[in-house]
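The values are calculated or read from the model by the stated rules, or taken from the named source; none is laboratory data. For clarity, every value in this text was computed on a predicted model and none was experimentally measured. Cβ atoms come from the backbone with ideal geometry, glycine included; neighbour counts cover every protein chain shown.
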Amino acid sequence: MKEVGIPYIDLQDFPAQYEKLRTACEEWGCFRVVNHNVPTTLMSEMKRVVRSLLDLPMEVKKRNTDVIAGSGYMAPSQANPLYEALGLYDMSNSEAVQSFCDQLDVSLYQREIIQSYAQAIHQLAVNLAQKLARSLGSSNDIFSEWPCQFRINKYNFTPETVGSSGVQIHTDSGFLSILQDDENVGGLEVMEKSGSFVEAEPAPGTLFINLGDLATVWSNGKFCNVKHRVLCKEATIRISIASFLLGPKEAAIEAPPEFVDPEHPRVYVPFTYEDYRKLRLATKLQAGEALALMRVQSLT
Ligand SMILES: O=C(O)CCC(=O)C(=O)O
Ligand SMILES: [Fe+2]
């Protein structure tokens, strides 16, 4: 029977699922993973920790300052009045995780949970990136040094806000994102190839994976950088935990040679993630449109 809706990938079922993984990345740009090795208890404890961090007094949350633009505390704003976030760049670096914990005066127990979660999720991100490469027949193994941004999101949904936007339509700018979405409160929607939105319904115990703009560049245009948004569906607080494997720290991102041949000429010019992030900010093109400016022919 053909599966309908967002695909599920069983991480214990490889190499059998490589083809399903590749199709999910090409057709959807997102999927849910099961058997991902992040313990359910760690996920639920992390959720509790995150909720309490987001409940800290404003003056404490403000100590969580930016390392790169937008990586630290984001207070509710006129543009996004329902949305608030804390974050850190980069969760693959244990000192950066420690300094995030110091900023927010977390307890010893909370620190342990955050550290374990950061390690488990970063490992999963690298494992997933390697599987994406294998699914395209590449043994590319460049992902473990890539920085991984971490962000915890709180949506203050109320009866008055039902039907309004929590986060506007966007693509993620990096390579791949791992989202522990709220296991009870829905609202995340992804755009299908047809252009219509499909709800990514909560599925407790799973993690939601979506590909960003850099996955499209690296795969030479094969993988879909899925557009998504969050809508307020219910009058209750929604919490999500997002981890973004961004891209090479200093080197340019480009499709490896095995993806480029006369039938598949290079689609994008090589560029650094930092330059691309700045371009997205400067142009306010948040839904992947900035990639069009990086196409090979747009420069010739
Ligand atoms: O909160 C969510 O479910 C999605 C958040 C998101 O898309 C993001 O942080 O980039
Ligand atoms: Fe996103």
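Scan segment 155-176 residue by residue and report those that are outside any helix (DSSP H, G or I) and polar (S, T, N, Q). Matches in segment 155-176: Asn156, Thr158, Ser164, Ser165, Gln168, Thr171, Ser173. Reported count of residues in segment 143-185, each being under 24 Å from Arg48 (Cβ atoms) and hydrophobic (A, V, I, L, M, F, W, C), is 8.
If you go through segment 255-300 and keep only what is out of contact with any helix residue (DSSP H, G or I) (no Cβ under 7 Å at 6 or more places or on another chain), assigned to a loop (DSSP other than H, G, I, E, B), under 22 Å from Gln149 (Cβ atoms) and touching a residue at least 24 places away in the same chain (Cβ under 8 Å), you end up with Thr272, Ala287.
Taking the criterion of being buried (at least 18 other Cβ atoms within 10 Å of the Cβ) and under 17 Å from the mean Cα position of the chain (by Cα), the residues of segment 54-72 that qualify are Ser71, Gly72. For segment 173-203, filtered to residues that are among the acidic types (Asp, Glu) and closer than 20 Å to Ser243 by Cα, the residue that is nearest to ligand 1 (Cβ to nearest atom) is Asp181.
Just to check your reading of the model, which residue among Ala133, Ala120, Ala125 is part of a helix (DSSP H, G or I) and either touching a strand residue (DSSP E or B) at 6+ places or on another chain (Cβ under 6 Å) or among the basic types (Lys, Arg) (or both)?
Working: Ala133 fails: either touching a strand residue (DSSP E or B) at 6+ places or on another chain (Cβ under 6 Å) or among the basic types (Lys, Arg) (or both); Ala120 fails: either touching a strand residue (DSSP E or B) at 6+ places or on another chain (Cβ under 6 Å) or among the basic types (Lys, Arg) (or both).
Just a single option satisfies the conditions, and that option is Ala125.
Scanning segment 217-237 for residues that are more than 14 Å from the chain's Cα centre (by Cα) and within 18 Å of Asp172 (Cβ to Cβ) returns Val217, Trp218, Ser219, Gly221, Lys222, Phe223, Leu231. From the list Glu189, Glu183, the one residue that fits, being in a loop (DSSP other than H, G, I, E, B), among the charged types (D, E, K, R) and farther than 25 Å from Ala133 by Cα, is Glu183. Among the residues of segment 76-96, just one is in contact (Cβ under 8 Å) with a residue 12 or more places away in the chain, away from ligand 1 (no atom under 16 Å from the Cβ) and either touching a Gly at 6+ places or on another chain (Cβ under 9 Å) or closer than 29 Å to Gly187 by Cα (or both), namely Ser92.
Sort out for me the helices (runs of 4 or more DSSP H) sitting completely within segment 1-74 that have 2 or more residues that are touching a strand residue (DSSP E or B) at 6+ places or on another chain (Cβ under 6 Å).
Fully inside segment 1-74 and qualifying: 18-27, 40-54.
The requirement of being crowded, with 17+ Cβ neighbours inside 10 Å and either among the acidic types (Asp, Glu) or out of contact with any Pro (no Cβ under 9 Å at 6 or more places or on another chain) (or both) is not satisfied by Glu3.
Within segment 105-112, the presence of at least one residue that is in contact (Cβ under 8 Å) with a residue 24 or more places away in the chain, assigned to a helix (DSSP H, G or I) and in contact with a helix residue (DSSP H, G or I) (Cβ under 8 Å, 6 or more places away or on another chain) is confirmed. The numbered conditions (1) within 13 Å of ligand 1 (Cβ to nearest atom); (2) in contact (Cβ under 8 Å) with a residue 40 or more places away in the chain are all true for Lys249 except (1).
When the residues of segment 229-239 are filtered to those that are surrounded by fewer than 24 Cβ atoms within 10 Å (Cβ to Cβ) and of a type outside the set (A, V, I, L, M), which remaining residue is nearest to ligand 2 (Cβ to nearest atom)? Step through it out loud before you land on a result.
Our first condition is that a residue be surrounded by fewer than 24 Cβ atoms within 10 Å (Cβ to Cβ); within segment 229-239, this holds for 229, 231-237, 239.
Adding the requirement that they be of a type outside the set (A, V, I, L, M) leaves 229, 232-234, 236.
Details: Arg229: 8, Cys232: 16, Lys233: 17, Glu234: 20, Thr236: 21 Å.
Once the filter is applied, the top-ranked residue is Arg229.
Selection over segment 206-245 of residues that are touching a Cys at 6+ places or on another chain (Cβ under 9 Å), within 12 Å of ligand 1 (Cβ to nearest atom) and not in a strand (DSSP E or B) gives a count of 1. When segment 270-289 is filtered for residues that are buried (at least 16 other Cβ atoms within 10 Å of the Cβ) and either among the charged types (D, E, K, R) or more than 18 Å from the chain's Cα centre (by Cα) (or both), the ones remaining, listed by number, are Phe271, Arg277, Leu279, Arg280.
Please determine whether any residue of segment 252-273 is within 16 Å of ligand 1 (Cβ to nearest atom) and either modelled with pLDDT of 95 or more or not aliphatic (A, V, I, L, M) (or both). Yes, the conditions are met somewhere in segment 252-273.
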